[in-house]
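The values are calculated or read from the model by the stated rules, or taken from the named source; none is laboratory data. Nothing here was measured: the structure is a model prediction, and the numbers come from that model. All Cβ positions, glycine included, derive from the backbone under ideal geometry; neighbour counts span all protein chains shown. Accessible surface areas use protein heavy atoms only, side chains included; no ligands, DNA or RNA. Shrake-Rupley method; radii C 1.70, N 1.55, O 1.52, S 1.80 Å.
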Amino acid sequence: MSEKVLMKGAEAIAESAIRAGCMAFFGYPITPQNETPEYFSRRMPQVGRVFLQAESEVAAINMVYGAACTGTRVITTSSSPGISLMQEGFSYIANSNVPCVVVNVMRGGPGLGDIAPAQADYNQATKGGGHGDYHSIVIAPHTVQEAADLMFKAFGLADKYRIMVVMLMDGLMGQMMEPVEFREWVDVKNNKIPVWATAGQGKRARRNIITSLEILAEGLEKMDIALQEKYTEIKSSEVCCEEYMMDDAEYAITAFGTVARISKTVVDLARERGIKAGLIRPVTVWPFPEMVFKKRAEQVRFFFDVEMNEGQMLLDVRLSVNGKKPVYYYGRLGGIVPSAEEMLDELEKLVGGKK
Amino acid sequence: METRVIVNEERCKSCNLCVEVCPKKVLRISDRLNPKGYRPVELFDNEACISCGFCYLICPDAAIVEVRRPVKAKA
Amino acid sequence: MKTLYKVPGAVTDCPTTYCPGCPHGVAHRIIGELLDEMQLTRKTVIVWPVGCSVFGYYFIDTDAVEAAHGRACAMATGIKRTHPESFVITYQGDGDLASIGIAETIHAAARGERICVIYVNNGNYGMTGGQMAPTTLLGQVTTTSPYGREAHANGFPLKVPEMLAVIDGPVYIARASLDSPKHIIQAKKFIKKAFKVQVNDLGFSLVELISSCPTNWKMTPEESLERIRKQVLPVFPIGELKVDEGVA
């Protein structure tokens with residue numbers, strides 16, 4: 001680890017990506033994430049890597065797709081409307097089994113919406129988003145330090161499973177300045193082109209073809225099943241979840257990203273008032289930590305899901321709890337960040353009603 | 001004399017373009033059927049062929065595999 | 001016997017999926033010949049399009065990727081930028097390049113991406129059954145211009161090389177035709193120049209190849225080539241439209 005530096009989330013993720021061996025950035029400007037590409041544009045030439053501003057998000061993701069086909073560590077960052085435009089590329093990337101990292105700094109929607117922090121792209125990110133039966137690994141940091149750490153993990157998972165990894169953030173995380181300690185640089189001097197990649201056949205015995213096309217239904221079904229098998233493996237090995245004050249908790253708040261960060265304060269405030277609250281914070285929102293919820297359903301009186309959307313993760317929580325305990329929801333829409341006080345009020349109302 | 005035009009009959013789709021562009025009219029569609037059900041082209045007059053290569057150039061299916069000309073015996 | 005012409009090794013043994021008389025195969029063979037002659041085959045990645053040539057990777061023996069419809073130039077950019085040592089070609093039809101992919105094409109050209117674009121124009125969407133394309137001639141009947149393309153409703157045929165020739169990024173822009181042996185020889189000459197542009201790291205090159213679609217034009221292969229000469233080439237004249245310094 002290096003020494004601590006004070007950095008904005010938007011810049012910390014870029015620096016961390018570079019240290020994690022990211023060789024290329026392709027992207028298109030959109031608020032509220034412009035500090036990230038701007039940082040890449042300064043830093044990538046300094047370290048002899050690629051920064052390219054594309055003509056659109058559609059082009060950007062297809063540049064990422066091309067670079068990913070060569071096995072190069074590659075990233076794009078965008079925000080909700082831009083991410084919508086990229087869905088076509090995500091779907092192709094999924095069925096081509098190529099690795100890349102995408103950061104979505106979510107903003108209020110639908111449509112042009114606003115540029116305030118939101119979490120309304122949860123469903124889009126965790127359920128695929130584009131056409132076809134596919135998933136990406138989706139991770140949701142709640143501090144700048146965690147975002148920097150998870151960026152290393154994101155590239156590792158992308159390479160390990162040849163899959164797209166999405167980091168879900170919001171403008172609050174991007175703008176927030178926090179001390180951050182970066183991991184050691186990944187050595188890229190001896191980068192090799194993977195055997196499956198397409199960068200010219202060279203001395204390989206066979207040429208490589210990367211395609212998401214299989215015109216025969218029987219063949220495509222085989223490809224689809226292979227994808228599902230990969231997802232099953234990821235579900236069994238890569239679930240990541242933080243539990244805060246859950247050991248003796250009677251009430252489990254659950255939230256991801258920015259809301260999870262606020263929820264920790266809510267847990268502390270609640271405990272000051274004698275309410276034994278805890279927090280379940282999915283770090284991977286896909287694969288979703290179903291077992292954690294299943295287990296805690298034996299322990300807590302209810303779950304209290306808080307999100308900056310109309311209750312998108314709520315459905316995954318309910319599926320995991322499977323009716324064993326009540327799951328309540330509180331959320332703000334349109335880019336409003338709920339305050340700890342209002343969340344505590346809601347929690348107290350629920351506890352009061354249930355005591 | 002060895003054949004000047006080598007045809008891969010399996011690849012031919014009987015499009016007739018080579019027959020059409022041949023300046024000496026030495027190619028024709030045969031009455032055989034290939035495995036795809038097309039009647040492949042054939043060189044029926046090797047003597048009159050001038051190895052111009054037009055058939056090779058216009059062939060969209062790499063069915064005209066090779067065009068050659070005899071090497072004059074050195075004195 | 002001395003060999004004058006021979007199908008190159010870069011063209012695979014796999015029979016093409018094209019209709020009888022479709023000139024896609026001619027374009028493939030020219031590319032294969034040049035890759036072998038210029039010893040580029042093992043350095044090459046071809047970005048194949050969506051359209052009739054979607055299965056192109058079965059027919060030319062190089063590393064290959066399959067782009068989404070219209071996105072070939074963007075994908076090629078991603079490959080070439082991260083692997084400048086690779087030789088990167090996109091192979092695209094007129095629906096793919098001139099309609100849905102026109103933005104990616106123009107911007108790759110404007111950036112001077114070190115890629116070669118082979119642009120096959122047969123004036124309609126062949127694979128989907130012969131719909132109107134941006135390149136469809138005025139008056140031409142297609143399945144979505146059943147009364148003939150009419151300028152007031154459908155605009156005019158889009159001339160991509162002419163458009164690209166006026167921007168600074170491209171180094172070499174040309175249009176050839178696949179209607180006759182003479183023009184096919186010229187097409188190979190143009191494509192060779194385009195390939196050399198990338199080999200010499202000069203910048204972006206594009207060669208449009210005027211092609212036919214006998215099936216959807218509802219003509220015999222010979223008639224379709226005759227139509228190219230009589231009707232298409234007057235609208236899409238062949239020649240070199242931009243040849244920057246250093247192009248050989």
May I ask for the net charge around A:Leu269, where only other residues with Cβ less than 13 Å from the Cβ of A:Leu269 are counted and Lys, Arg are +1 while Asp, Glu are -1?
-3
Largest-first principal axis extents of the Cα set of segment C:24-243 (Å)
49, 32, 30
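Which value at 222 nm does chain C reach when only helices count, each DSSP H run of 4 or more adding -39,500 (n - 2.57), with the total divided by all residues and rounded to the nearest 500 deg cm²/dmol?
On the way: 8 runs with 75 residues, N = 248.
Computed mean residue ellipticity for chain C: -8500 deg cm²/dmol.
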Over the Cα atoms of segment B:5-67 the radius of gyration and the largest Cα-Cα distance (Dmax), both in Å, equal 10.4, 30
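Please label the shape of segment A:242-354 as rounded, prolate or oblate, based on the square roots a ≥ b ≥ c of the eigenvalues of the alpha-carbon gyration tensor (a/c under 1.5 means rounded; beyond that, a/b larger than b/c means prolate, else oblate).
Here segment A:242-354 falls in the rounded category.
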Under Karplus coefficients 6.51, -1.76 and 1.60, residue-wise ³J(HN,Hα) of segment C:77-87 in Hz, glycine/proline x
4, x, 6, 5, 5, 8, 9, x, 6, 7, 9
Sum up the charges of everything whose Cβ sits under 14 Å from the Cβ of A:Gln299, counting Lys and Arg as +1 and Asp and Glu as -1, but leave A:Gln299 out.
+2
Whose amide H sits under 5 Å from the amide H of A:Tyr329, counting only residues 5 or more places off or on another chain, with H placed in the peptide plane?
A:Asp305
Let me check against my output: what whole-number percent is the relative contact order of chain A, with C-alpha pairs under 8 Å and at least 6 apart?
18 percent
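For chain B, which chymotrypsin sites (Phe, Trp or Tyr not before Pro) are in a loop by DSSP, counting at most 14 other Cβ atoms within 10 Å? Could you put the intermediate results ahead of the total?
Details: sites: B:Tyr38, B:Phe44, B:Phe54, B:Tyr56; in loops: B:Tyr38, B:Phe44.
Sites meeting the loop and neighbour criteria: B:Phe44.
Jot down the per residue volume, in cubic angstrom and as a whole number, of the convex hull over the alpha-carbon atoms of chain A.
141 Å³
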How much of the DSSP beta bridge set in chain C is antiparallel, as a percent to the nearest 5?
25 percent
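Can you tell me, using C-alpha contacts under 8 Å and at least 6 residues apart, the relative contact order of segment C:24-243 as a whole percent?
In percent, rounded to a whole number, it is 18.
In the protein assembly as shown, what percentage of the DSSP-assigned beta bridges are antiparallel, given to the nearest 5?
35 percent
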What percent does the relative contact order of segment A:242-354 come to when contacts are Cα pairs within less than 8 Å and at least six residues apart?
28 percent
What is the spin-label model distance, in nm, from A:Asp133 to C:Asn200 if the labels are put 7 Å beyond Cα along the C-beta direction?
5.3 nm
Sorting C:Ser99, B:Ser30, A:Ser56 on solvent-accessible surface, 1.4 Å probe, most exposed first, gives C:Ser99, A:Ser56, B:Ser30
Let me check I've understood the local charge: for B:Lys13, count other residues with C-beta under 9 angstrom from its C-beta, Lys and Arg +1, Asp and Glu -1. What total comes out?
+1
Alpha carbon centroid spacing (whole Å) that separates segment A:252-301 from segment C:1-73
57 Å
Probe 1.4 Å - accessible area at A:His131, Å² to nearest ten:
110 Å²
Is there a pair in C:Lys196/C:Lys230; C:Lys6/C:Lys242; A:Lys127/A:Lys160; A:Lys153/A:Lys230 whose C-alpha atoms are over 23 Å apart, and which pairs would that be?
C:Lys196/C:Lys230; C:Lys6/C:Lys242
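Rounded, prolate or oblate: which fits segment A:133-206 when a ≥ b ≥ c are the square roots of the eigenvalues of the alpha-carbon gyration tensor, with rounded for a/c under 1.5 and prolate only if a/b beats b/c?
Oblate, because a/c is 1.5 or more while a/b does not exceed b/c.
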On a straight-distance basis, which aspartates and glutamates could pair with A:Lys4 in a cross-link, Cα separation under 15 angstrom, same-chain partners fewer than 8 positions away excluded?
A:Glu15, A:Glu146, A:Asp149, A:Glu178, A:Glu181, A:Glu184
State the dimensionless ratio Rg/Rh of the protein assembly as shown (Rg: radius of gyration of Cα atoms; Rh: Kirkwood radius).
1.08
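Under 1.5 on a/c is rounded, so check that first for segment C:138-247, then, if it is not, pick prolate when a/b is larger than b/c and oblate when it is not; a ≥ b ≥ c are the square roots of the alpha carbon gyration tensor eigenvalues.
oblate
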